[in-house]
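*Asks:* Encoded as structure tokens, here's the structure I'll be asking about.
Each value in this text was obtained by applying a stated rule to the coordinates, not by laboratory testing. Not measured: the values here are computed from a predicted model. Every residue, glycine among them, receives a Cβ derived from its backbone with ideal geometry; neighbour counts consider all protein chains shown.
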Amino acid sequence: MTAAIFSTFALAFLAGLAVLGLPLKDEPPIRYADRVCRLAKATMDRHLPCLGDTDNGSGKPNDRQALLSVIRTVCVPASYFGLTFPCAQVNRERGYAVIKSPAPYGLSFIVTPTVPVAGIESLATTTGDTNRLWLAAWEERNLLERAAKHKINWNEVVLAVNSKSTRSQDQLHIHLGCIKSSIRDFLAVEPSSTGENWRSAHPSSINVSFFVKLLPEEYIKKDLFKLVFDEIPGGRLLAEKQTIALAGVTRGSWRGFALIVTLETVSAEEFIARDC
């Protein structure tokens, strides 16, 4: 996600204003989005960081901060006026926003805090309130069904977070999408039982070594980052190397999750299918 994509999101924001019949001004999209932000800042929330307050001094958002810039300077201000553009969802009360992944990432969404959180490694040394982000991302899976226009089962959904070396944005975000069939098929026969220790796995169909543990459904409400840090050997020291995925799993009448952690250089998108 780059500054060019930021401009694309700003254009989408203006399209949303047009659809709702709000007046458009003859000026660059980013500048107009900034004016909307400053109006919200003056009338709704004086703590909003508008684009001019958060750029890198060049008048453009830093490429590695583009996601955060879009969320904080476009999506959140727009939400005060009943808009979601260019985001799919903004929940100010729970502190997260959802935005559709830009091309070429297929049918998937990004769920991110509305406050700055650099990435997984920053959570290893802080007690930030990010435990609810997994729950929020899972609850937003209905966005996949709307986009795909058909029902998507529990065991077809996956959430994934990039390691420091594989991400393009220095803002913590969870990818929400449909799981690749090869990974779903492996998890369907994964022998671990709920509550057992982590198991090392290297299925030939995926070609990625990872640790996997089955979790009951209620674990979605827990701080899964902390669980990984505490239970994976060297979890906190190796936090910046971790790519973490959470996949829905069903076994007869039982349903829960497979929590997957890999230290290999593999992106979160490797767990996500191109389409649903």
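*Asks:* Highest mean first, what order results for 141-147, 160-166 on Cβ atoms within 10 Å?
*Replies:* 160-166, 141-147
*Asks:* On full extension of the chain, what length is gained from Leu263 through Thr84, given 0.36 nm per residue of separation minus the C-alpha to C-alpha distance?
*Replies:* 60.9 nm
*Asks:* Can you tell me the order of 106-112, 265-271, 37-43 when each peptide is scored by its average per-residue count of other Cβ atoms within 10 angstrom, highest first?
*Replies:* Per-residue mean Cβ counts within 10 Å order the peptides as 106-112, 265-271, 37-43.
*Asks:* Next question. For region 171-276, just say rounded, prolate or oblate: build the C-alpha gyration tensor, square-root its eigenvalues into a ≥ b ≥ c, call rounded for a/c under 1.5, and beyond that prolate if a/b exceeds b/c, oblate if not.
*Replies:* Taking the square roots of the gyration eigenvalues as a ≥ b ≥ c, region 171-276 is rounded.
*Asks:* Post the alpha-carbon centroid distance, region 192-249 to region 108-184, in whole angstrom.
*Replies:* About 15 Å separates the Cα centre of region 192-249 from the one of region 108-184.
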